[in-house]
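Here's the structure, in C-alpha coordinates; my notes come after.
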(Lines give C-alpha, C1' and ligand atoms only; values in the text may rest on other atoms or scores of the structure.)
Protein backbone atom coordinates (compact mmCIF):
# COMPACT_ATOMS: atom_id res chain seq x y z
CA UNK A 1 0.00 0.00 0.00
CA UNK A 2 2.90 2.33 0.80
CA UNK A 3 4.42 1.69 -2.65
CA UNK A 4 1.12 2.51 -4.34
CA UNK A 5 0.90 5.75 -2.38
CA UNK A 6 4.43 6.78 -3.49
CA UNK A 7 3.62 6.00 -7.13
CA UNK A 8 0.39 8.00 -6.87
CA UNK A 9 2.31 10.99 -5.48
CA UNK A 10 4.86 10.77 -8.31
CA UNK A 11 2.13 10.63 -10.96
CA UNK A 12 0.35 13.58 -9.36
CA UNK A 13 3.61 15.52 -9.39
CA UNK A 14 4.20 14.77 -13.09
CA UNK A 15 0.64 15.78 -13.95
CA UNK A 16 1.24 19.03 -12.09
CA UNK A 17 4.33 19.70 -14.21
CA UNK A 18 2.56 19.03 -17.51
CA UNK A 19 -0.41 21.18 -16.47
CA UNK A 20 1.99 24.15 -16.63
CA UNK A 21 2.60 23.66 -20.34
CA UNK A 22 1.27 26.07 -22.94
CA UNK A 23 1.11 26.64 -26.67
CA UNK A 24 1.86 30.23 -27.71
CA UNK A 25 0.96 32.29 -30.78
CA UNK A 26 2.25 35.82 -31.28
CA UNK A 27 2.90 38.55 -33.79
CA UNK A 28 5.49 41.23 -33.35
CA UNK A 29 7.66 43.93 -34.83
CA UNK A 30 11.39 43.72 -35.37
CA UNK A 31 14.26 45.95 -36.42
CA UNK A 32 17.10 44.48 -38.47
CA UNK A 33 20.72 45.65 -38.69
CA UNK A 34 21.61 44.32 -42.18
CA UNK A 35 24.72 46.51 -42.36
CA UNK A 36 26.51 44.52 -45.05
CA UNK A 37 23.45 44.06 -47.25
CA UNK A 38 22.62 47.78 -46.94
CA UNK A 39 26.16 48.63 -48.10
CA UNK A 40 25.73 46.15 -50.96
CA UNK A 41 22.51 47.90 -51.98
CA UNK A 42 24.32 51.26 -52.02
CA UNK A 43 27.03 49.73 -54.21
CA UNK A 44 24.34 48.76 -56.72
CA UNK A 45 23.39 52.44 -57.01
CA UNK A 46 26.95 53.70 -57.43
CA UNK A 47 28.06 51.01 -59.90
CA UNK A 48 24.96 50.80 -62.08
CA UNK A 49 25.36 51.25 -65.86
CA UNK A 50 21.75 52.32 -66.30
CA UNK A 51 21.74 55.80 -67.95
CA UNK A 52 19.41 57.29 -65.32
CA UNK A 53 19.81 58.30 -61.68
CA UNK A 54 18.73 55.40 -59.48
CA UNK A 55 17.26 56.07 -56.05
CA UNK A 56 16.66 53.85 -53.04
CA UNK A 57 13.62 53.70 -50.84
CA UNK A 58 13.70 52.59 -47.22
CA UNK A 59 16.44 49.96 -46.85
CA UNK A 60 15.65 46.91 -44.69
CA UNK A 61 13.02 48.62 -42.55
CA UNK A 62 11.48 47.24 -39.38
CA UNK A 63 8.64 44.85 -40.16
CA UNK A 64 6.22 42.32 -38.70
CA UNK A 65 7.16 38.81 -37.59
CA UNK A 66 5.18 35.78 -36.45
CA UNK A 67 5.87 33.02 -33.94
CA UNK A 68 4.35 29.89 -32.44
CA UNK A 69 5.80 27.62 -29.80
CA UNK A 70 5.47 25.15 -26.96
CA UNK A 71 6.68 26.15 -23.51
CA UNK A 72 6.81 24.17 -20.25
CA UNK A 73 7.41 25.47 -16.75
CA UNK A 74 8.95 23.12 -14.18
CA UNK A 75 8.86 24.83 -10.80
CA UNK A 76 10.50 28.15 -11.71
CA UNK A 77 12.45 26.87 -14.70
CA UNK A 78 11.28 27.53 -18.25
CA UNK A 79 12.05 25.46 -21.31
CA UNK A 80 10.57 24.84 -24.74
CA UNK A 81 10.89 25.56 -28.45
CA UNK A 82 9.31 27.84 -31.02
CA UNK A 83 9.32 28.66 -34.72
CA UNK A 84 9.54 32.26 -35.93
CA UNK A 85 9.21 33.90 -39.37
CA UNK A 86 10.03 37.44 -40.48
CA UNK A 87 11.00 39.46 -43.53
CA UNK A 88 12.24 42.81 -44.79
CA UNK A 89 13.82 44.17 -47.97
CA UNK A 90 15.37 46.94 -50.01
CA UNK A 91 14.60 48.51 -53.38
CA UNK A 92 16.68 50.59 -55.76
CA UNK A 93 15.31 51.81 -59.07
CA UNK A 94 13.86 54.36 -61.45
CA UNK A 95 10.52 54.72 -63.21
CA UNK A 96 8.94 57.23 -65.59
CA UNK A 97 6.44 57.26 -68.47
CA UNK A 98 8.84 55.37 -70.77
CA UNK A 99 9.66 52.47 -68.50
CA UNK A 100 11.21 51.29 -65.24
CA UNK A 101 14.24 49.59 -63.76
CA UNK A 102 14.31 48.06 -60.26
CA UNK A 103 16.67 45.91 -58.23
CA UNK A 104 15.06 44.45 -55.11
CA UNK A 105 16.45 42.48 -52.22
CA UNK A 106 13.67 40.42 -50.68
CA UNK A 107 14.90 38.65 -47.57
CA UNK A 108 13.15 36.30 -45.14
CA UNK A 109 14.14 34.23 -42.15
CA UNK A 110 12.88 31.09 -40.51
CA UNK A 111 14.19 30.67 -36.99
CA UNK A 112 14.09 27.74 -34.57
CA UNK A 113 14.37 29.04 -31.01
CA UNK A 114 14.89 27.22 -27.73
CA UNK A 115 13.55 28.57 -24.45
CA UNK A 116 15.81 28.40 -21.39
CA UNK A 117 14.84 30.74 -18.61
CA UNK A 118 13.24 31.65 -15.33
CA UNK A 119 9.53 32.03 -14.59
CA UNK A 120 7.82 33.52 -11.57
CA UNK A 121 4.13 33.88 -10.72
CA UNK A 122 2.94 37.15 -9.20
CA UNK A 123 -0.40 38.86 -8.50
CA UNK A 124 -2.30 35.86 -7.06
CA UNK A 125 -0.61 33.47 -9.51
CA UNK A 126 -2.45 35.09 -12.42
CA UNK A 127 0.54 36.94 -13.86
CA UNK A 128 3.76 35.31 -15.06
CA UNK A 129 6.98 37.26 -15.48
CA UNK A 130 9.64 35.37 -17.40
CA UNK A 131 13.27 35.86 -18.41
CA UNK A 132 14.41 33.80 -21.38
CA UNK A 133 17.83 33.45 -23.09
CA UNK A 134 16.29 32.17 -26.39
CA UNK A 135 19.24 30.76 -28.38
CA UNK A 136 18.33 30.08 -32.00
CA UNK A 137 19.35 28.85 -35.42
CA UNK A 138 18.29 31.23 -38.21
CA UNK A 139 17.82 30.13 -41.82
CA UNK A 140 18.02 33.09 -44.24
CA UNK A 141 16.49 33.22 -47.73
CA UNK A 142 17.58 36.15 -49.94
CA UNK A 143 16.15 36.79 -53.38
CA UNK A 144 17.78 39.51 -55.54
CA UNK A 145 15.41 40.49 -58.34
CA UNK A 146 16.19 42.70 -61.34
CA UNK A 147 13.22 44.06 -63.29
CA UNK A 148 13.35 46.06 -66.53
CA UNK A 149 10.47 47.44 -68.52
CA UNK A 150 10.66 49.54 -71.68
CA UNK A 151 7.43 50.17 -73.55
CA UNK A 152 5.63 46.84 -73.83
CA UNK A 153 8.77 44.79 -73.18
CA UNK A 154 9.31 43.48 -69.65
CA UNK A 155 12.10 41.27 -68.35
CA UNK A 156 12.89 39.89 -64.92
CA UNK A 157 15.85 37.99 -63.47
CA UNK A 158 16.36 36.71 -59.96
CA UNK A 159 19.16 35.05 -57.99
CA UNK A 160 18.54 33.23 -54.70
CA UNK A 161 20.96 32.98 -51.79
CA UNK A 162 20.89 31.12 -48.49
CA UNK A 163 22.73 31.24 -45.17
CA UNK A 164 22.60 30.05 -41.55
CA UNK A 165 23.06 32.22 -38.46
CA UNK A 166 23.30 31.44 -34.76
CA UNK A 167 21.68 33.99 -32.45
CA UNK A 168 20.75 34.81 -28.89
CA UNK A 169 17.57 36.73 -28.13
CA UNK A 170 17.36 37.51 -24.40
CA UNK A 171 13.79 38.52 -23.65
CA UNK A 172 11.45 39.44 -20.84
CA UNK A 173 7.73 38.65 -21.06
CA UNK A 174 4.50 39.06 -19.11
CA UNK A 175 1.66 36.54 -19.38
CA UNK A 176 -1.79 37.09 -17.83
CA UNK A 177 -3.74 33.88 -17.40
CA UNK A 178 -7.51 33.48 -17.62
CA UNK A 179 -8.17 29.85 -16.71
CA UNK A 180 -7.01 27.85 -19.76
CA UNK A 181 -6.14 30.89 -21.87
CA UNK A 182 -3.76 33.79 -21.51
CA UNK A 183 -2.46 36.93 -23.19
CA UNK A 184 1.19 37.85 -23.34
CA UNK A 185 3.59 40.63 -24.28
CA UNK A 186 7.34 40.34 -24.73
CA UNK A 187 10.35 42.47 -25.56
CA UNK A 188 13.92 41.47 -26.27
CA UNK A 189 16.97 41.99 -28.41
CA UNK A 190 18.35 39.62 -31.03
CA UNK A 191 22.14 39.26 -31.24
CA UNK A 192 23.53 37.49 -34.31
CA UNK A 193 26.40 35.61 -32.64
CA UNK A 194 27.48 33.77 -35.81
CA UNK A 195 26.59 35.26 -39.19
CA UNK A 196 26.83 32.82 -42.06
CA UNK A 197 28.02 33.92 -45.49
CA UNK A 198 25.30 34.13 -48.14
CA UNK A 199 25.80 31.41 -50.73
CA UNK A 200 24.09 30.68 -54.03
CA UNK A 201 21.09 28.39 -53.64
CA UNK A 202 22.32 26.09 -56.44
CA UNK A 203 26.00 26.15 -55.37
CA UNK A 204 27.06 26.39 -51.73
CA UNK A 205 30.61 27.27 -52.81
CA UNK A 206 29.53 30.43 -54.69
CA UNK A 207 29.09 33.45 -52.43
CA UNK A 208 27.57 36.92 -52.66
CA UNK A 209 30.49 39.37 -52.85
CA UNK A 210 30.70 43.14 -52.45
CA UNK A 211 32.88 45.49 -54.53
CA UNK A 212 35.91 44.72 -52.34
CA UNK A 213 35.50 40.98 -52.91
CA UNK A 214 34.33 40.32 -49.34
CA UNK A 215 31.61 37.78 -48.67
CA UNK A 216 28.34 39.42 -47.64
CA UNK A 217 26.37 38.23 -44.58
CA UNK A 218 22.82 38.81 -43.35
CA UNK A 219 22.48 40.31 -39.87
CA UNK A 220 19.08 39.97 -38.19
CA UNK A 221 20.26 41.69 -34.99
CA UNK A 222 17.74 44.14 -33.58
CA UNK A 223 14.89 44.86 -31.23
CA UNK A 224 11.99 42.40 -30.98
CA UNK A 225 8.59 43.21 -29.48
CA UNK A 226 5.48 41.04 -29.64
CA UNK A 227 1.98 40.43 -28.33
CA UNK A 228 -0.02 37.25 -28.50
CA UNK A 229 -2.08 34.63 -26.70
CA UNK A 230 -1.52 31.18 -25.28
CA UNK A 231 -3.44 28.04 -24.40
CA UNK A 232 -2.57 26.20 -21.16
CA UNK A 233 -2.86 22.43 -20.89
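Some notes on this structure:
- Restricting attention to the stretch 162-176, the residues being assigned to a loop (DSSP other than H, G, I, E, B) and within 20 Å of residue 107 (Cβ to Cβ) number 1.
- Strands (runs of 3 or more DSSP E) lying entirely in the stretch 177-233 (those with 1 or more residues that are on the phi > 0 side of the Ramachandran plot and either surrounded by 14 or more Cβ atoms within 10 Å (Cβ to Cβ) or in contact (Cβ under 8 Å) with a residue 60 or more places away in the chain (or both)): 222-232
- One residue stands out in the stretch 41-59 among those that are in contact with a strand residue (DSSP E or B) (Cβ under 8 Å, 6 or more places away or on another chain) and either at pLDDT 90 or above or not in a loop (DSSP other than H, G, I, E, B) (or both): the one that is surrounded by the fewest Cβ atoms within 10 Å (Cβ to Cβ), namely 55.
- Scan of the stretch 68-104 for residues that are modelled with pLDDT of 95 or more, under 26 Å from residue 38 (Cα atoms) and surrounded by fewer than 18 Cβ atoms within 10 Å (Cβ to Cβ), ordered by number: 85, 87
- Summed over the stretch 38-56, residues that are free of Cβ contacts under 8 Å to residues at least 12 places away in the same chain and touching a helix residue (DSSP H, G or I) at 6+ places or on another chain (Cβ under 8 Å) total 0.
- Residue check for residue 174: in contact (Cβ under 8 Å) with a residue 24 or more places away in the chain and under 22 Å from residue 41 (Cα atoms): no
- Counting only strands (runs of 3 or more DSSP E) that fall entirely inside the stretch 60-161 and contain at least 1 residues that are free of Cβ contacts under 8 Å to residues at least 40 places away in the same chain and within 22 Å of residue 28 (Cβ to Cβ), the qualifying elements are 63-74, 77-96, 99-122, 135-150.
The values are calculated or read from the model by the stated rules, or taken from the named source; none is laboratory data. None of these values were measured; they are calculated from a predicted model. Note: ideal-geometry Cβ built from the backbone for every residue, glycine included; neighbour counts use all protein chains shown.
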